[in-house]
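*Asks:* Just dropping this structure here.
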Amino acid sequence: MAYRTHLMICTGTACVSCGSFDIKKELEQEIRKHGLEKEILVVTTGCQGFCAQGPVMVVQPDEIFYQKLTSEDIPELVEEHFLKGRPVKRLMFTPPGEETPVPNINEIGFFQKQRLIALRNKGLIDPEKIDDYIGRDGYKAIAKVLSTMTSEDVIKEIKTSGLRGRGGGGFPTGLKWEICSKSKDNPKYIICNADEGDPGAYMDRSIIESDPHSVIEGMLIGAKAIGAHQGYVYIRSEYPLAISRLEIAIRQASEYGLLGNDILGQGFDFNIEIKQGAGAFVCGEETSLIHSIEGVSPEPRQRPPFPAQSGLWGKPTNINNVETWANVPRIIIRGAEWFASIGTEKSKGTKVFSLVGKINNTGLVEVPMGITLKEIIYDIGGGIPGGKAFKGVQIGGPSGGVVPSSSLDLPVDYERLVEVGSMMGSGGMVVTDEDTCMVDIARYFLEFTNDESCGKCTSCRDGSAAMLEILTRISDGNGKEGDIELLEELGRAIKDASQCGLGQTLPNPVLSTIAHFRDEYEAHIKEKKCPAHVCKPLISYRIESEKCTGCKLCSRKCPANAITGEVKEPHVIDQSQCIKCGICYDVCKFNAVLVETGKS
Amino acid sequence: MTNRTDIQLTINGKQVSGTNGQTILALAQEHGIDIPNLCNDPRLIPSGSCRLCVVEVDGQKAPVTACTFQIAPGMVVHTDTEEILALRKTILELLFSEHRGVCTTCDENGNCLLQKYGYEYQIDDTAFALPESNDPIENYTTGNEAMVYNSDKCIRCGRCIRICQEVQMDSALTFKERAAQVEVSTAFDMPLNDTTCELCGQCISTCPTGALYERSAKGRGQCKDFKRTRTTCGYCGVGCQIDLNVNSKNEIVRVTSPVGVIPNDGNLCVKGRFGMDFVGSDKRLTAPLIKRNGKFEKASWDEALDTIAKKLGEIKATHGPDSIGGLSSAKCTNEENYVFQKMIRTAIGTNNVDHCARLCHASTVAGLARAFGSGAMTNSIDEIRRAGCIFIIGSNTTEAHPVIGLAVKDAVVNNGAKLIVADPRTIDIVRFAELHMAQQPGTDVALINAMMHVILTENLADMEFIKKRCENFEAMEAIVKDFTPEMAEDVTTVSADAIRQAARIYATATSSSIIYSMGITQHTTGTDNVLSLANLAMLTGNVGKESTGVNPLRGQNNVQGACDLGALPNVYPGYQSVEDEKIHEKFEKAWGAKLSNKMGLTVVEMMHAVEEGKLKGLYLMGENPALSDPNLNRTRKSLEDIEFLAVQDIFLTETAEYADVVLPTMCFAEKDGTFTNTERRVQRVRKAIDGPGKSRDDWQIVCDLATRLGFPMKYNNASEILDEIASLSPIYGGISFERINDVGLSWPCPDKNHPGTKYLHKDQFKRGLGKFHPVEFKPPVEKADKTFPFLLSTGRQLYQFHTGTMTRKSPVINQVSPTGYVEIHNEDAERLGIVNGQKVSVATRRGIVTTQARVTTDIGKGWLFMPFHFSEGPANMLTIDALDPIAKIPEYKVCAANICSM
């Protein structure tokens, strides 16, 4: 049955939490009401990436992009657009600082510069329908592999493509497969690392939610290449929607004979089991992850031996993350040369970033390697809200580092990021502006890694606690001369002496902010000032009596009842009561509230 | 095993060579290069968690941990660059941010690695601020008698947890929380005694700081002030090397054990580590006692010894030397046993000397001597670790010989050995078994014959070995030929399939080692059982080779030595027959006395001889037959009836109560000498503290008595006695105090240059050819009937030792093993209305005792099991004193019984 129109409504976690299933119900009801049910089909898709504008929906084939939908909008939308043929402008996306909405998704800056490989099916298929995936060349790659390629061919293809691990380490995927395939021991295992621990990154969840079969197909190809017959997807239990879609996908693939024994009649067996993690950051580290699957305490262990030699149950094991696996089928279909033509000399293909923080367009973006930071932040991200100045971007999650505004022209790839003291890491990009305190952001990330340290190694366990302690005293105004040097020394020691990636990288946010924003640290320590007006012990709020009109708005909003004053009289903040929440500053319409920093 | 290739590399500019798989740390230590480390224990898989052993390796991006990094050819290592030293200092300072201990009040002061390195690196222990204390008010050790965990002193190295998992394989401990909140605990913070913990204290032994410590040792001296004396543990036959840590008040405060020393590599069990309270007990005998008008009165040594000499002299004069018997002791040293049997044989003039080996391994001595020519463990403990198959039959290894249990677990878990356990009960080691055969007690011959039947019919026998090294094969074959697994199934209740599987595993493994103990020996068919095992080993060529053999585990610290030194009625020291004319002459000449050439009486026979009026006087050294012998009512009657009884012991035991004279002696911690462990290793015993009151060395007492009996015996020290032993007993020929100062030697060690013997019967059997014995199956003496519908078995448990004289003085042990019990199967209990913990009475034809029920599925239906350690409700009131016709060992393991609730 052919429909004239498909309404591709996003049911990724973000849009679902904003009510996209209610909207879907409403849409179907309205469509039926107008007797359009044979012409218009509502399709639930996985995450479409533009999460801050959710719930979002794309009307196909018109390519009209609707955003921030509510159930109340639906009767109007259906009647106007689908009955009367008048797309609803007010529900379209208007770029920040502009007034005219952009109806066509392909003309929106956020989507324009993206290049989709891992996310190629986002918004185009229903992730819970294997036929949708097959309709978009799904499982064609494994068919090709099983019928026409040897293990060596597959490994060679992946090596030639230049694909590197998207989990952050950037290890060449083909080489990893080759080492594991040459390992003599048997059986061998394949693991998909879906333990996305960085609180600011969610591309792996999104890929599974929007296109789970691409991951399964990637794993099948990897399994064939290294000679494994059992695979595990290690996924955090905080991702219920992804887990459920993956379960559905595995079930459907098994029903279609794409998992199990004698796949596609080619004599190859492969099964996938889902293992749920309990949400420890360290479980993203491969040896911890393996321990977790084995049911023992998820502590990392010293490598070598690497999992490719001795992994799960002591057997050769190949671990790649979700995004890496999702790239694999496309490489097989379109060829290694095609993939290698995208990107820079050593970093091929694309990378998915989650763009968050002080940025206009928040969401997931897939961009070719080598794209500049400027393009990501301004062309795709739409720049900084409120016309504030861009300060830097924390890339790579809590283990990454801050790239300052001076590096805006940096082409983004594995090597360049490391050169400036950051890393690809999880692919999280947290954008900061002039109102962000760099000591505070370093302390924020340290709080996270200190809490997530498994506690095994001295350097990480006690080192992160000691660093956090120093950062806390600096932002409390109790910093001491020599604290910066102590942080640097400690940071280097922790990097040098830690066993796993968590410890080896946890000083990065501190060291990189010291490297690029040392003056901010010095201001905190020497002048007891927080230049960005963030560190509460170092700031105070004051009402300028000349500007205060006595409107009482601030005193009504003050949660601590710290503001007093008669109507139409200048108000005063009682410093002993003030909790420095900044609400008065935000609500004042006369710019009468001032933030001051320095010794009080 | 032999992939040890030499690897050349450079450490600190020095060329060194190591072996494949070796870590930088191990190699450096070998070459005297000190790399500080806290989380490393050679017994454990390296974890690299403390990070202190960081070193630089050329070509590596960052420093690596020496404990985990394996050496490679051409590697260049720097262990003490400025950067490395600074890094280590920072790590130490970080550790001091979580370690809140103060050395002044810490027991570990002087033995603490953190303290040592902190000093060496001159750290600033306030470099990093202390986080808030975790308030260590309650934790998993709260209220436990054995140990205290103080998280403030813990550096989270995880050694305690790892040793519990990797060596002890109990997994009682775990980390809880994460990051800086990490602490050692148990699952769900359960109190230690509610977990799988066996109170071995291995966790304490490996703790590098004072975070884990013996509770009883707190405040009784700091490690820096202890005097440490290396000696041999006085409990079971494993012969663990221990260091007694003695404070300035002459008290044993802690027991520690050196890692890397044979045979226990620093591992101890609950008894060895926590069972030393008896030494300093106020119940120790401190003066000789003479019974006057039914009451003991203190006496002088002269008075006491004169009394004994006078009474024994009179008896000997009136009734002849054979009316006197002596029971020597498996708890005493080799030297004391030698002197004791010499006194009985010379000063008294009889061969009526025996000791408790009669009750445990007499059948081993008899059986293995007949089959192989030597009645001892054929192979060494360490070889067990590398066996391809281990067949445990009738040995509750992890409870009775816990440290050998560790070797078995290591073999299975780490080296892939296949373990077969044949035991009527689901004992602890069954967890590790590939196959458990729960045979009906007393049916071992049927089981083994059927296994041999399978091996023969499936052509798995080592015919070349049999042809070359053995004799009498056909006689054995004739009996086994008809003994099918199906027939055995009827007798043993073990399925024929399981028997087949066991036979195949045992026969086809690279090397198969048999381990057995009293489940085999304590039967009227004890000797037959042992002969069957010898048959099985010879049939598959599993004897005279590394990691094979027939290995009886000896129960007492020196039961091997007491046998070796002739505390047996048929042999002089070194298993030299009293009936052999030449040997007889040799000893008469050496000792300068007229000796009897008539075989003497055994333990149980002596008691029976009292009834017959043939035995009038009995001299006991450190034995407790009033609790350990079978059919106690009968034994006690004999002890009561005997004309004269003298006892030398460390406590006023149940037996000593019957004595006319009691002499106070030293325990193992108070004297010098040697013990011979189960693997025939002669090891030093050293005086660590002074004995209480007027107590004296056993050998000195015996010498004094012999002198008073008209046969002067005088030695200056124990070393002199060992030299005399060496001169008369060829298997001990090359052994002296000097040679075994550091490591013991396993006999046979015929001369001063002989390195000792790791395993016996290498190229030929001691007796020449190994002899097969045709063994027919015979059932136990008593069968279940209407009156006594159950069958009762007895045995040991982990925490207690023998008659409890020593272990029951320990609060640590008493907290987990306060009293005796009888095990009964759930269904039997339900049928009889017996619930767990209920008071019950158990009766046999010989007696009745009251105890409590332990309802379990670890025992078969129709069976009862009682440990024999407890004087309240003593199991031996019930046991039968029917004897094996050859070895005269009683059938402790099977008798008919009844049980009812009270």
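What follows is calculated from the coordinates using simple rules that are stated; it is not laboratory data. Keep in mind the model is a prediction, meaning the values are calculated, not measured. All Cβ positions, glycine included, derive from the backbone under ideal geometry; neighbour counts span all protein chains shown.
*Asks:* Based only on Cα atoms, what mean projected area does the convex hull of the range B:362-552 have, in nm²?
*Replies:* With every direction weighted equally, the projected area is 9.2 nm².
*Asks:* When Cβ neighbours within 10 Å are restricted to other protein chains, what is their mean count per residue of peptide A:460-473? Before the final figure, lay out each step's value.
*Replies:* On the way: counts 4, 13, 16, 6, 3, 9, 10, 1, 2, 6, 2, 0, 1, 1.
Mean partner shielding for this stretch: 5.
*Asks:* Ok, one more. Under a point spin-label approximation (7 Å from Cα along Cα-to-Cβ), what is the B:ALA129-B:ASN20 distance to one decimal in nm?
*Replies:* 5.4 nm
*Asks:* Right, next: Within the P(r) computed for the range A:438-527, what percentage of the Cα pairs occupies the region above 20 Å?
*Replies:* The share of Cα pairs beyond 20 Å in the range A:438-527 comes to 25 percent.
*Asks:* Of A:GLU544, B:GLU477, A:GLU566, how do they rank once you tally other Cβ atoms within 10 Å and put the fewest first?
*Replies:* Ranked by crowding around the Cβ, least crowded first: A:GLU566, A:GLU544, B:GLU477.
*Asks:* Still on this structure, I have one more. Can you give the FRET efficiency to the nearest 0.05 for B:ILE137 and A:ASN106, using r as the Cβ-Cβ distance and R₀ = 51 Å? Can you show the working numbers first?
*Replies:* Working: r = 66 Å, r/R0 = 1.29.
Approximately 0.20, to the nearest 0.05.
*Asks:* Now, a different point. Taking neighbour counts of Cβ atoms within 10 Å as a proxy for exposure, in what order, fewest first, do A:ASP451, A:ASP211, B:ASP189 appear?
*Replies:* B:ASP189, A:ASP451, A:ASP211
*Asks:* Let me ask you something else. Taking only the alpha carbons of the protein assembly as shown, what extent do you get along each of the three principal axes, in Å, biggest first?
*Replies:* 131, 75, 71
*Asks:* In square nanometres, what is one fourth of the surface area of the convex hull spanned by the alpha carbons of the range B:790-901?
*Replies:* Here the figure is 7.1 nm², rounded to one decimal.
*Asks:* For the range B:147-232, build the charge dipole from Cβ charges (+1 Lys, Arg; -1 Asp, Glu) around the Cα centre, then report which of B:ALA211, B:SER171, B:GLN181 sits farthest towards its positive end.
*Replies:* B:ALA211
*Asks:* In Å, what Rg and Dmax follow from the Cα atoms of the range A:539-597?
*Replies:* When restricted to Cα atoms, the range A:539-597 yields Rg and Dmax of 9.8, 28 Å.
*Asks:* Using every pair of alpha-carbon atoms in the range A:5-108, split the distances into 5 Å bins beginning at 0 and state the percent of pairs per bin, rounded to integers.
*Replies:* 3, 14, 25, 28, 19, 9, 2, 0, 0
*Asks:* Relative to the first principal axis of the alpha-carbon coordinates of chain B, what is the inclination of helix B:526-539, with its axis defined by its Cα atoms, in degrees from 0 to 90 and to the nearest 10?
*Replies:* 60 degrees
*Asks:* Now for a separate question. Would you list, by chain and number, the lysines whose Cα falls below 19 Å from the Cα of A:LYS358, excluding same-chain residues fewer than 8 positions away?
*Replies:* Within the straight-line limit of under 19 Å, A:LYS358 reaches these lysines: A:LYS374, A:LYS388, A:LYS391.
*Asks:* What does the C-alpha gyration tensor say about the overall shape of the range A:130-340? Classify as rounded when a/c is under 1.5, otherwise prolate if a/b is larger than b/c, or oblate.
*Replies:* Rounded shape, in that the Cα axes give a/c under 1.5.
*Asks:* Which of the lysines could a cross-linker span from B:LYS758 if the Cα-Cα distance has to be under 16 Å and same-chain partners fewer than 8 positions apart are dropped?
*Replies:* Output for B:LYS758: B:LYS545, B:LYS766.
*Asks:* Let me ask you something else. What average count of beta carbons from other chains do you get within 10 Å of the Cβ of residues in B:89-96?
*Replies:* 6
*Asks:* Quick check: Cα centre of the range B:334-356 to Cα centre of the range B:499-570, how many Å?
*Replies:* Here the answer is 28 Å between Cα centres.
*Asks:* Charges on Cβ only, +1 for Lys and Arg, -1 for Asp and Glu, centred on the Cα centroid of the range B:362-552; of B:ASN415, B:ILE455, B:ALA502, which one is farthest towards the dipole's positive end?
*Replies:* B:ASN415
*Asks:* Another question about this same structure. Given an 8 Å cut-off on Cα distances and at least 6 residues of separation, report the relative contact order of the range B:155-201 as a percent.
*Replies:* Once normalised by length, the contact order is 30 percent.
*Asks:* Strictly greater than 23 Å: what percent of every Cα pair in the range A:345-456 meets that?
*Replies:* Looking at the range A:345-456, the distances longer than 23 Å represent 24 percent of pairs.
*Asks:* Can I ask one more? Suppose every Lys and Arg Cβ carries +1 and every Asp and Glu Cβ carries -1, with no other charges. What dipole size does the protein assembly as shown come out with about its Cα centre, to the nearest 20 debye?
*Replies:* Magnitude of the dipole: close to 1860 debye.
*Asks:* With everything on Cα atoms, drop me the angle between helix B:718-728 and the longest principal axis of chain B, reported from 0 to 90° to the nearest 10.
*Replies:* With rounding to tens, the tilt is 60 degrees.
*Asks:* What 222 nm value per residue comes from the helices of chain B, counting each DSSP H run with n ≥ 4 as -39,500 (n - 2.57) and dividing by all residues, nearest 500 deg cm²/dmol?
*Replies:* Taken over chain B, the calculation gives -8000 deg cm²/dmol.
*Asks:* Still on this model: How many angstrom separate the Cα center of the range A:329-353 from the Cα center of the range B:104-126?
*Replies:* 56 Å
*Asks:* Using a Debye calculation, one point per C-alpha and no hydration shell, please list log10 I(q)/I(0) for the range B:486-634 at q = 0.10, 0.14 Å⁻¹ in order.
*Replies:* -0.57, -0.96
*Asks:* Further question on the same structure: Between the range B:441-465 and the range A:377-441, what is the C-alpha centre distance in whole Å?
*Replies:* That distance is 76 Å.
*Asks:* Just to verify a number: FRET efficiency for B:GLU464 and B:ASP382, C-beta to C-beta distance, R0 = 22 Å, to 0.05?
*Replies:* 0.20
*Asks:* Here is a further query. Is the range B:751-805 best put as rounded, prolate or oblate by its Cα gyration tensor, with a ≥ b ≥ c the root eigenvalues, rounded for a/c under 1.5, and otherwise prolate when a/b is larger than b/c, oblate when not?
*Replies:* In terms of gyration-tensor shape, oblate.
*Asks:* Treat each spin label as a single point 7 Å out from the Cα along the C-beta direction, and report the B:ARG292 to B:GLU30 distance in nm.
*Replies:* With each label point 7 Å from Cα toward Cβ, the separation is 6.9 nm.
*Asks:* For a bin width of 10 Å, list the pair-distance distribution of chain B built from all Cα-Cα distances, rounded to whole %.
*Replies:* Using 10 Å bins, I get a P(r) of 2, 12, 21, 24, 21, 13, 6, 2, 0, 0 for chain B.
*Asks:* OK, next. Could you list the residues of the range B:700-735 with an amide nitrogen less than 16 Å from a label point located 7 Å from the Cα of B:HIS754 in the Cα-to-C-beta direction?
*Replies:* B:723-735
*Asks:* Looking only at the range A:537-575, which residues have a backbone nitrogen under 12 Å from a spot 7 Å from the Cα of A:LYS589 in the C-beta direction?
*Replies:* Label zone hits: A:549-554.
*Asks:* Can you tell me the orientation of helix A:458-475 relative to chain A, as the angle in degrees between its alpha-carbon axis and the longest Cα principal axis, to the nearest 10?
*Replies:* So the inclination is approximately 30 degrees.
*Asks:* A further question on this structure: So, R0 is 25 Å and r is the distance between the beta-carbons of A:CYS581 and A:ASP519; what FRET efficiency does that work out to, to 0.05?
*Replies:* 0.40
*Asks:* Also, I was wondering about something else. In which sequence would B:MET902, B:MET476 go, from the one with the fewest C-beta neighbours within 10 Å to the one with the most?
*Replies:* Fewest-to-most Cβ neighbours within 10 Å comes out as B:MET902, B:MET476.
*Asks:* When we measure straight from the Cα of A:LYS156, which aspartates and glutamates land under 16 angstrom away, once same-chain ones fewer than 8 places off are left out?
*Replies:* By straight Cα distance, A:LYS156 reaches A:GLU178, A:GLU337.
*Asks:* Here is a follow-up. Inside 10 Å of the C-beta atoms of A:489-499, what's the mean count of C-beta atoms belonging to other chains?
*Replies:* Taking all residues of A:489-499 together, the mean is 6.
*Asks:* Right, another one. Is there a pair in B:LYS594/B:LYS778; B:LYS89/B:LYS224; B:LYS331/B:LYS893; B:LYS614/B:LYS893; A:LYS113/A:LYS589; A:LYS315/B:LYS176 whose C-alpha atoms are over 31 Å apart, and which pairs would that be?
*Replies:* B:LYS594/B:LYS778; A:LYS113/A:LYS589
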